[in-house]
Every structure is written in C-alpha cells, then in structure tokens.
Amino acid sequence: MNRRRISVGDFLFQSGTSSFALFLVFLVTAIGIVLCYQSWPTIREFGFNFWRTQTWDPVLGEFGALPFIWGTLYSSLLALLIATPISIGVAIFISELCPPQLKHYLVFLTELLAAVPSIVYGMWGIFVLVPAVRTMEGWTPEWLRSFPLFSGPRVGVSMLSASLILAVMVIPFTSSVAREVLKAVPLAQRETAYALGATRWEVTKIVLHYARVGIVGSIMLGLGRAFGETMAVIMVIGNTPQLSLSLFAPQYTMAGVIANEFVEAANDLHISALIEIGFVLFIVTFVINAGSRLLIWGMTHQKKQVVPVVKASVETAA
C-alpha cells in the first residue's frame, strides 16, 4: 500500500512538472502564432521586402524594417563587445582576488545596478552620457571622421550612446551569473594547481577553462537583456530610421519603433507593420538563443569527450 502511494505521488509529481514544461512550449508557440497572424496583412503585402528594404513611411504606406533590424543587432553586439571583458573581469576579481571585507560591498553594488529601472538609466544617459559623447565627438580629429565608422553629426544622441548605456545595463547580469559560475568551480581544481606550482594567473586560467560553458551562458543572457531593452535606448539613440555603420549617427531599434509608434499608428497596415517588427524581433531572438544553446551544447559535448582521453593518457603513463 505504501509502495503504491509513493508510485502515485511520483506519477503526479512527474505529470505536474511535465505539464508546466509543456505549458512553456505552448506559450512560446502561441506567442509566435499570434504575432504571425496579426502581422499577416503586411506579410501578404510586402513579403520579404519588409525585411530588406529601408523606407519607413506610414503616410505613403511604405514599410521596410531593415534599419530597425540593423540598429538592434548593431547596438546589442557593440554593447556585448564592451560589456563582456568588463563583466568577466568583475566576476574574476570578486570570486578570485577580492579581499573578504570588500567582497560583500561589491556584490551588493553589482546587484543594485541590475535593479535600477530602465527609465533611470535613460535619464542618466540624457543628462550625463549624451553630453560626454557629444564632447568626445567634438574632440575626434577630422582625419578620423573621414572613416565611415566615425562619420556623422556631432549631436551626442547616437549609436555609440545607445551601445554604452546598454553595456552599463548588461554588466550586472553577465557579471553576476559569471561570478556564480566561477564560485561553483570545485576548490580542488585551485588547490591542485597551486600544489603543482601554478601562479595565481595560471590558476585563474584553469578556473576560466573549467567554467567556460557557464560564462558563455552568462554572455548570452546579457545579449538577451540588450536585445529587449527599450526605454533607455529610445532616450539616447536618436530614433532615426537609417542604416549606417557610423557610431556617431542617430539610428533606431525594433523595440524603440514599436514603443514610439504603436499608440499613434495611422491605420491598420501601420499597426500590422509594427506587429511584424515584433514578430521579426521574436524570430531573431529565437535564432540567437538557439545558436547559443547549440554553442553551449557543443562545448559541453567536447568537454565530455576530453575527459576519457585524459584518463586514458594518465593510465597509459602510469
């Protein structure tokens, strides 16, 4: 009787948790279906030209989302390029090098940055970051401004401002997850390396290699945070639908155009175009997350294959 009761409990527990997992799959699928259905008028009207054209004119009924796709990818990747070394450096210092008296304060400040609302970051960007970027643009020599990467007006609201504010917002998330991953590395890894005469830098490299899968996951988490950010980016990027390589040029993002124009959409086709931009953002996010999961899976699979080879080599040497 007791064994049967345990079996029923296990069955109910497994069924309940499985239903929750299936509900998440259903929810993601339902979101994609609804976005596709609501954006069908523009899909039927423009097809793939919606993805690859640059003209966005609601008055004339011309909608091309390429500047918004470019602005989202460009700003997010630039922010990730800036934030990743800083985040990993912060995580290494807190987990490996920081004195115990200072560690609690740094952890608290890092987590506090993650809790600051986006609108506060946006206001800080307007009053502090944008004037600083404008001053830096004024100091840029003319020979450097001849390159496409540094051309554009000296107005401050630009792709560079958006990337910097995104980097500041990404750092707390990436560094917190990376710090926990580094802290989870077994102490035996460090003690063994020190016993073999390794320096602190060599031990840190061993720890980073051991935790590389989790660190990549933390970077992907930061990328997802940058992708979905809206208010702070709207306030500093300039909101100009143009495709430009310049860091100083005002540009636009997918989340930004939805937030700015959805309430004041001119007609049903305009609303459908904005919903399709949301659908494009959903697809791009899904593809990037799937790619990151494949990357993490490949690194994990490679790590599992290395262990038997190392064991065999040790046994042969013995």
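Gain on full extension, evaluated as 0.36 nm per residue between Cys98 and Ile31 minus their Cα-Cα distance, stands at 19.7 nm.
Its relative contact order, with pairs defined as Cα atoms under 8 Å and 6+ residues apart, puts the chain at 27 percent. What the Cβ-Cβ distance of Tyr105 and Asn267 gives, at R0 = 35 Å and to the nearest 0.05, is a FRET efficiency of 0.05. One decimal place: the segment Val120-Thr53 gains 20.7 nm when fully extended, by the rule 0.36 nm per residue minus the C-alpha distance. Between Trp40 and Ala290, what FRET efficiency comes out of the Förster formula 1/(1 + (r/R0)^6) with R0 = 22 Å and r the beta carbon distance, rounded to 0.05? Approximately 0.35, to the nearest 0.05.
The protection proxy used here, the mean number of other Cβ atoms lying within 10 Å of each residue, ranks peptides 102-109, 172-179, 17-24 as follows, highest first: 172-179, 102-109, 17-24. Values (1) 25.9; (2) 15.5; (3) 16.7 are given for comparison; mean projected area of the Cα convex hull in nm², derived from the coordinates here, is the one labelled (1).
Fully extending the segment from His209 to Leu113 would add 31.8 nm, taking 0.36 nm per residue of separation and subtracting the current Cα-Cα distance.
Here the Karplus curve 6.51 cos²θ - 1.76 cosθ + 1.60, taken at θ = phi - 60°, turns the phi angles of the range 158-170 into couplings of 7, 5, 5, 4, 5, 5, 5, 5, 5, 4, 4, 6, 7 Hz, with x standing for Gly and Pro.
Between 0 and 90 degrees, the angle of helix 130-139 with respect to the longest Cα principal axis of the chain falls at about 80 degrees.
Close amide H pairs (under 5 Å, H built 1.01 Å from N) link Trp56 with Gly64, residues at least 5 positions away or on another chain. Overall, the chain carries a charge dipole of about 1320 debye about its Cα centre when +1 sits on the Cβ of Lys and Arg and -1 on the Cβ of Asp and Glu, all other atoms neutral. Farthest toward the positive end of the dipole of the chain, out of Thr174, Met235, Trp143, is the Cα of Thr174, where the dipole comes from beta carbon charges about the Cα centre.
Let me know the shape class of the range 76-130, please: from the alpha-carbon gyration tensor, a ≥ b ≥ c as square roots of the eigenvalues, rounded when a/c is under 1.5, otherwise prolate if a/b is greater than b/c, or oblate. Verdict is oblate for the range 76-130.
Every number here is computed from the coordinates shown, using simple stated rules; none is lab data. Bear in mind the structure is a predicted one, so any value in this text is a computation, not a measurement. For neighbour counting, all protein chains shown are included, and Cβ atoms are generated from backbone atoms with ideal geometry for every residue, glycine included.
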